[in-house]
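Below you'll find the structure, written out as structure tokens, and then a few comments.
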Amino acid sequence: MSMKIYIQSAAAISPQKTFGQVPFLTEPVTYSGNRLQVVEPDYKNLIDAKLLRRMSRIIKMGVSTATACLQEAGENDPGAIVTGTAYGCLEDTGVFLTETIQRNEELPPPTAFIQSTHNTVGAQIALMLKCHHYNNTFVHNGFSFESALLDSVMLLKEKEAHNVLAGSADELTDNSYTILSRLGLYKRNPFSNIDLFSSRSKGTIAGEGSAFFLLTGEQKPGAYAELCGMTTFYKPKSKIEVEQRIISFLAEHSIGVNDIDLIVTGKNGDARQDLIYEQLGQTIFSGKQTIHFKDLCGEYPTASSFALWLAANILKTGSVPAVTGYKGSTENKLKRILVYNHYQHSYHSLLLVSAVE
Amino acid sequence: MSTGVFIAGAGAITAIGNNIAECISALEKEQAGMGEICYLETMHRNKIPVAEVKLNNEELCALSGLPLHTSRTALLSSIAAKEALQDAGIENISSLRTGFISANTVGGMDKTEKFFSNFLDDLTKGRLREVVNHECGYTTELVADLLGIDHYVSTISTACSSSANAIFFAARLIKQDMLDVVIAGGTDALTKFTLNGFNTLMILDREYCKPFDNNRMGLNLGEGAGYLVLVSDRVAGSLKKQLYGKLSGYHNANDAYHQTASSPDGTGSFLAMTGALARSGLQPSDIDYINLHGTGTQNNDLAEGTAISRVFAAPYPMMSSTKSFTGHTLGASGGIEAVLSVLSIKHGMVYPNLRFKTPMAELGFVPQTSFLKGRPIKHVLSNSFGFGGNCSSLIFSKL
């Protein structure tokens, strides 16, 4: 018997106003350059000041998002904590590397090294909660979040945990922005995020953020949505293969494209990377209501977690933020959302979420 | 659902050997892999001993088949993973649902360091080729692509318990009938970043490390890679070779005490060991050998030793830290030690804990100090604990 998985609570710190008691993306934050940075809350309300001083941005961001997610669900001892991060603690890594090189290896200060390990966010959450349960961190590029989600779903199915705190965190630093720009990831000219999908040029806009979800195996009041399924596929060889993967994924859940009310794609403004979404829009997704999200959060390897946050909130509130350009009606409540994202052509993922009854 | 998860193949490259046969030979001769730094470019050469793999990058490339500009982390990984896959002797790997789950802690850092020293002087400098595979996931992917594995590929990083968690996650994917075959383990190359990191923490022994000795002075860093080939019962049944055994227990717990230090009573280690025992259905007295995490630091060995005293009772199982041979290989250690654990079962071997002289005052047991062979070893417990309180234990059992 297959088990149902519910998103009991969700939280996100992103380049938009998404954290805390805020309206659902009604006041979009616009950026004039190609670098989006998270809107940071007042961390003092969430983390002990003594701990806060030592924490780098990603740790503050990840720990706060996780804390808010747990608080919303009234949980302080989750059955497991599973985190995904592609880059890990880049700021601390950069600081320690710089100190090591500049001091010619003469005792660089240890704090940045201690906090540079990729499991720091997950570990700090456990430390703050004194949570001794399962704790894991996945670091697989554009599949980091999806791997964490798969592990979490498995833990619930195996009855290893009554609920799982699953999430992601990735930060963009000055160094990583410079390096990724040199690698040609981002648009060359200053480019506003609200115009992201209007130009057919090379490159996207840089993003970052953290999103956490409390997943449970039983439906409780206040749940956002049901996480019906997820899958990943690595380096598909053709558009046909992508179509087949999507069709068979839906078939596994006994539905077809017609049963999907809204498609959320990972379109990022890079003409070549967006081609697949446009092609699908002409074939299997033809005529479907489709929205995108990377104009809001920017592109980063764990951006699909922002998409899940968005989809879960759409299903919970029954409304689609106007900023997404959604043109459909919400008179009939949206029931099913499919998120299709790919990162750099290599990492494709599908997330299927539906409204709770 | 697969009823069990079986070990069909193993591969390792460490400071004591470039393959399993060489590693076994060094273990038997009690030859440790530590020495003066030969390959890593660092100011600490001739000051801090480490356990390097005894091949330079050109020689590793020749064994690996990956190009010369590849990170040493990926080179080591590819050599051990290929050995494991060959050893498993699975003929039709492409027709099976095959995965590669690897772990590491610093990915392509050895190359990033080279990039960064130029980049720091001038942000437009530094060869991008040296930084493009920095992320941990790319190390895994380069090897997955080389092995032709694309069905499921993932990377775990939980500091020094990383590859135990990779093996454990792989086993669960097989049990859930999502995969038939998984090559699982981990890799890490020595880097300036980690050497200086551990050096600033003042936990590097300036001599060869003495795990579980009362006069232990810290750890020696090492490098290497170790992988197991895990298979479902269906695949296991189709193989003509003798299997190493099965993964009968595993557990992951968090110490939740401090970012880098272990709790004095070894809460995390205790929970990991008792959890793994519970899953395997075994009693502590069933364990024949414990491959200790045993880094040689004051803190780890006391926490782990205390946890062992809480779980086990006299007569204690034989135990040793093979880090006294290989050094602490960080993200690779759980993989390498899993390989040594299944070899212990296959050949009835128990490895000596080198350089042990004085029992720890706090503990009522001592590690094994001589090499044994041909013993009836049925169940081996392997411990891996890391920064961030991440503690994992695996139990391997004879069939």
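The values are calculated or read from the model by the stated rules, or taken from the named source; none is laboratory data. In this text the structure is predicted, and so the values were computed from the model without any measurement. Note: ideal-geometry Cβ built from the backbone for every residue, glycine included; neighbour counts use all protein chains shown.
Of the residues that sit in the stretch B:44-76 and are touching a residue at least 40 places away in the same chain (Cβ under 8 Å) and surrounded by fewer than 16 Cβ atoms within 10 Å (Cβ to Cβ), which one is farthest from B:ARG127 (Cα to Cα)? Looking at residues that are touching a residue at least 40 places away in the same chain (Cβ under 8 Å) and surrounded by fewer than 16 Cβ atoms within 10 Å (Cβ to Cβ), I get B:LYS47. Residues of the stretch B:369-399 that are more than 22 Å from A:VAL82 (Cβ to Cβ) and either within 13 Å of chain A (Cβ to nearest Cβ) or modelled with pLDDT under 95 (or both): none at all.
Could you please let me know if B:ALA236 is under 22 Å from B:GLU337 (Cβ atoms), more than 17 Å from the chain's Cα centre (by Cα) and small (Gly, Ala, Ser)? So B:ALA236 fails the test.
Evaluate the stretch A:201-208: report whether one residue or more is basic (Lys, Arg) and surrounded by 17 or more Cβ atoms within 10 Å (Cβ to Cβ). Checked the stretch A:201-208: no residue is basic (Lys, Arg) and surrounded by 17 or more Cβ atoms within 10 Å (Cβ to Cβ).
Among the residues making up the stretch B:142-167, those that are at the interface with chain A (Cβ under 7 Å from one of its Cβ atoms) and either surrounded by 24 or more Cβ atoms within 10 Å (Cβ to Cβ) or under 22 Å from A:SER116 (Cβ atoms) (or both) are B:VAL153, B:SER154, B:THR155, B:ILE156, B:SER157, B:THR158, B:ALA159, B:ASN165. Name the residues in the stretch B:238-264 that are assigned to a strand (DSSP E or B) and either within 14 Å of chain A (Cβ to nearest Cβ) or free of Cβ contacts under 8 Å to residues at least 60 places away in the same chain (or both), would you? The answer is B:GLY249, B:TYR250, B:HIS251, B:ASN252, B:ALA253, B:ASN254. Does B:LEU381 meet the test of being in contact (Cβ under 8 Å) with a residue 12 or more places away in the chain, more than 17 Å from B:ASN19 (Cβ to Cβ) and hydrophobic (A, V, I, L, M, F, W, C)? Spelling it out, B:LEU381 is indeed in contact (Cβ under 8 Å) with a residue 12 or more places away in the chain, more than 17 Å from B:ASN19 (Cβ to Cβ) and hydrophobic (A, V, I, L, M, F, W, C).
Of all the criteria given as (1) surrounded by fewer than 22 Cβ atoms within 10 Å (Cβ to Cβ); (2) within 17 Å of the chain's Cα centre (by Cα), the one not satisfied by A:LEU25 is (1). The listed residues are A:SER147, A:SER176, and the only one of them that is at pLDDT 95 or above, crowded, with 24+ Cβ neighbours inside 10 Å and among the hydroxyl-bearing types (Ser, Thr, Tyr) turns out to be A:SER147. Does the stretch B:311-328 include one or more residues that are outside the structural domain of B:ALA103 (by TED's automatic domain parsing), under 29 Å from A:ILE81 (Cβ atoms) and surrounded by fewer than 24 Cβ atoms within 10 Å (Cβ to Cβ)? Scanning the stretch B:311-328 turns up at least one residue that is outside the structural domain of B:ALA103 (by TED's automatic domain parsing), under 29 Å from A:ILE81 (Cβ atoms) and surrounded by fewer than 24 Cβ atoms within 10 Å (Cβ to Cβ).
Counting only helices (runs of 4 or more DSSP H) wholly contained in the stretch A:59-177, the ones carrying 3 or more residues that are without any contact (Cβ under 8 Å) to a residue 12 or more places away in the chain and facing chain B (nearest Cβ under 9 Å) occupy A:90-102. Only residues that are in contact with a helix residue (DSSP H, G or I) (Cβ under 6 Å, 6 or more places away or on another chain), over 17 Å from B:ASN299 (Cα atoms) and of a type in the set (A, V, I, L, M, F, W, C) were counted in the stretch B:200-242, giving 4. A Cβ distance below 9 Å, combined with a sequence gap of six or more or placement on separate chains, defines the contacts here; from the stretch B:284-306, residues that are under 22 Å from B:MET34 (Cβ atoms) reach residues that are of a type in the set (Val, Ile, Thr) and in a helix (DSSP H, G or I) in the pairs B:LEU292/B:ILE308.
Residue-by-condition table, conditions (1) free of Cβ contacts under 8 Å to residues at least 60 places away in the same chain; (2) touching a Phe, Trp or Tyr at 6+ places or on another chain (Cβ under 9 Å):
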| site | (1), (2) |
| --- | --- |
| A:PHE233 | no, yes |
| A:LYS237 | yes, no |
| A:LEU250 | no, no |
| A:GLY256 | yes, no |
| A:LEU262 | no, yes |
| A:ALA271 | no, no |
| A:LEU280 | no, yes |
| A:ILE284 | yes, no |
| A:LEU296 | no, yes |
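Candidates are the residues of the stretch B:253-275 that are in contact with a strand residue (DSSP E or B) (Cβ under 7 Å, 6 or more places away or on another chain) and under 26 Å from B:PHE325 (Cα atoms); the one that is modelled with the lowest pLDDT is B:SER262. Those helices (runs of 4 or more DSSP H) of the stretch B:86-201 in which 1 or more residues are at pLDDT below 95 and of a type in the set (S, T, N, Q) occupy B:109-121.
Assess whether A:PHE213 counts as being of a type in the set (Phe, Trp, Tyr), away from chain B (no Cβ under 12 Å) and buried (at least 24 other Cβ atoms within 10 Å of the Cβ). For A:PHE213, the condition - of a type in the set (Phe, Trp, Tyr), away from chain B (no Cβ under 12 Å) and buried (at least 24 other Cβ atoms within 10 Å of the Cβ) - is met. Checking the stated criteria, B:GLY364 turns out not to satisfy the condition of being within 14 Å of chain A (Cβ to nearest Cβ), farther than 22 Å from B:VAL229 by Cα and over 15 Å from the mean Cα position of the chain (by Cα).
Tell me, yes or no, whether the stretch B:252-271 has at least one residue that is farther than 30 Å from A:PRO110 by Cα and charged (D, E, K, R). Within the stretch B:252-271 (the criterion being farther than 30 Å from A:PRO110 by Cα and charged (D, E, K, R)), the answer is no, since none of the residues qualifies.
Using the structure shown, decide if B:PHE119 is more than 19 Å from the chain's Cα centre (by Cα), within 11 Å of chain A (Cβ to nearest Cβ), over 26 Å from B:ALA51 (Cβ atoms) and surrounded by 24 or more Cβ atoms within 10 Å (Cβ to Cβ). Taking the combined requirement at face value, the residue satisfies it.
The number of residues in the stretch A:72-102 being under 21 Å from B:VAL131 (Cβ atoms) and out of contact with any Gly (no Cβ under 9 Å at 6 or more places or on another chain) comes to 13. Identification of strands (runs of 3 or more DSSP E) wholly contained in the stretch B:295-399 with 2 or more residues that are hydrophobic (A, V, I, L, M, F, W, C) and under 25 Å from B:LYS29 (Cβ atoms) yields B:318-320. For the stretch A:7-49, the set of residues classified as assigned to a loop (DSSP other than H, G, I, E, B), in contact (Cβ under 8 Å) with a residue 60 or more places away in the chain and either outside the structural domain of A:THR178 (by TED's automatic domain parsing) or in contact with a strand residue (DSSP E or B) (Cβ under 7 Å, 6 or more places away or on another chain) (or both) consists of A:SER14, A:PRO15, A:THR18, A:ASN34, A:LEU36, A:VAL38, listed by residue number. For the stretch A:315-348, a residue qualifies if it is in contact with a Phe, Trp or Tyr (Cβ under 8 Å, 6 or more places away or on another chain), closer than 21 Å to A:VAL153 by Cα and either surrounded by fewer than 22 Cβ atoms within 10 Å (Cβ to Cβ) or not assigned by TED's automatic domain parsing to the domain that holds A:HIS292 (or both), and exactly one does: A:LYS316.
Note on the stretch B:334-353: among residues that are over 12 Å from B:ILE7 (Cα atoms) and in contact with a helix residue (DSSP H, G or I) (Cβ under 7 Å, 6 or more places away or on another chain), the one that is surrounded by the fewest Cβ atoms within 10 Å (Cβ to Cβ) is B:MET349.
For A:GLY229, state whether it is in the same structural domain as A:GLY318 (by TED's automatic domain parsing), under 22 Å from A:THR18 (Cα atoms) and touching a residue at least 12 places away in the same chain (Cβ under 8 Å). Here the answer is no, as A:GLY229 does not meet what is asked.
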